[in-house]
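The values are calculated or read from the model by the stated rules, or taken from the named source; none is laboratory data. It should be emphasised that the depicted structure is a prediction, and the values quoted were computed from it without experimental measurement. Cβ: placed from backbone, ideal geometry, glycine included. Neighbour counts: every protein chain shown.
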Amino acid sequence: MTEQRRLDDAVGAWVRSGPELASADFVERTLRPIPRMRQRRSWRIALERAGLPVVAVAGATAVVAVLVAGVGFMAIGPGVGGPAPTTTPTPSRPTFELRVIGGPGDGVYTADPTSSLNSCRRADNGSWSLLYAGGTPFVNMDLVVGSGVDETGSSNRVGLELYAGAGYLRFDPAGLRGGDPPGRSSAAVAVRDGPDLTTIEVSAVTPDGGSSGSDEATVEVHLTVTCPG
Amino acid sequence: MDEELVRRAARGDADAFDALARDRIDRLFAIAIRILRDHHDAEDAVQQALWTAWSDLPGLRDPARLDAWLYRLVVRASYKAGRSRRRRASVVQLAPEMDELPGLADTDAITDRDALERAFASLSTEHRAVVVLHHYLGLGLDEIAAIVGVPAGTARSRLHYALQKLRVALEPSDSPTAAAVAESGR
């Protein structure tokens, strides 16, 4: 055996040595919350569920896109002497600052720009939703704000399900989704519309669900979300 | 069988995902703790990887690639945890479960393990990941490159550099190899 081979074997043996098993408690802490977490919806899966062939629909979509782009280009014309064409800037991703006071999730969390899931949407009726998953410590947030919420912060039409670090909590005092009995939580939400950004501010007091899923310590939640558009 | 579980999990079947995850969580933890050398950071990385896997599973096109995809997620989560740990500037040594290293005299084993720990701790998380994927999982360079998201040549150079540094840790400090690695300082 050459000297280098002997050293490589020693390095390999050292790398292979060490713990092989995750603790049972860690396995349960990791897997138990998953049924309550949302999955990202793939358009492919949606099409498969609808019984539509993915390739054909994608092709048809591409054809429609090309036709729309072509018609739009002809309508604009050559543009001689007209205003310079403008481009629409790509909207940035939502950002947030989340402060949890008390409970196992106590801490301050911000949006991770590399997160795999971070989308903010405004529905036609004026309601808002935010879905986010990412960061270290990991945060999984499902926020919904009801329609008709103004800047005053006098509305409680907000629901949140949140995993933040070791904490889990949910509140929905207005019953937008249900599952939060009267008096269990209190919350206030304000929505401020700007020219390019909408800011959603949420304050709440609610029990932390804890690792067992049952209500434990009462925590304060302060969340500021900035949504593009 | 696993591919059917993957398809079911991708359609929102949490029980199917649970079965897949329980079969793999020990291996993911073993990878993370070897890269990070820290129990708490390794648990954070595995937790993040599995929660991201559940969230993003509907986008996994080839169910047969589940394991490689999970390795990628846990390596990426380890990168994040590694960066976070560098900010905390803590280096934690694993409790050794092996009493001796093959090919080395017993009396040198503890000293050598300490030297390897120190040398490994001085590597970047990216270098450590390549070493672990190669020596622990036994993966080839092409597969490692796909998992860590770099060209195969980069994976090869990372492995070469890391192993050279680890070898030096086992050699006398006045050896020619030790001097060369110290000078390269990459």
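Just one of the listed residues (B:Ala145, B:Ala129, B:Ala162) is in contact with a Leu (Cβ under 7 Å, 6 or more places away or on another chain), under 23 Å from B:Val74 (Cα atoms) and modelled with pLDDT of 85 or more, namely B:Ala162.
Taking B:Leu57, is it assigned to a helix (DSSP H, G or I) and either buried (at least 23 other Cβ atoms within 10 Å of the Cβ) or at the interface with chain A (Cβ under 7 Å from one of its Cβ atoms) (or both)? Answer is yes for this residue. Scanning the range B:165-176 for residues that are under 19 Å from B:Glu117 (Cβ atoms) and either over 17 Å from the mean Cα position of the chain (by Cα) or at pLDDT 90 or above (or both) yields B:Arg167, B:Val168, B:Ala169, B:Leu170, B:Glu171, B:Pro172, B:Ser173.
Can we say B:Leu73 is in contact (Cβ under 8 Å) with a residue 40 or more places away in the chain and part of a helix (DSSP H, G or I)? Spelling it out, it is not the case that B:Leu73 is in contact (Cβ under 8 Å) with a residue 40 or more places away in the chain and part of a helix (DSSP H, G or I). Condition check for A:Ser127 on (1) more than 29 Å from B:Leu50 (Cβ to Cβ); (2) under 17 Å from the mean Cα position of the chain (by Cα); (3) in contact (Cβ under 8 Å) with a residue 24 or more places away in the chain: one failure, at (3). Residues in the range B:41-65 that are without any contact (Cβ under 8 Å) to a residue 12 or more places away in the chain and of a type in the set (Asp, Glu) were compared, and the one that is nearest to A:Ala166 (Cα to Cα) is B:Asp56. Applying the criterion of being surrounded by fewer than 23 Cβ atoms within 10 Å (Cβ to Cβ), free of Cβ contacts under 8 Å to residues at least 60 places away in the same chain and hydrophobic (A, V, I, L, M, F, W, C) to the residues of the range A:150-182, the residue that is nearest to the other protein chains (Cβ to nearest Cβ) is A:Leu176.
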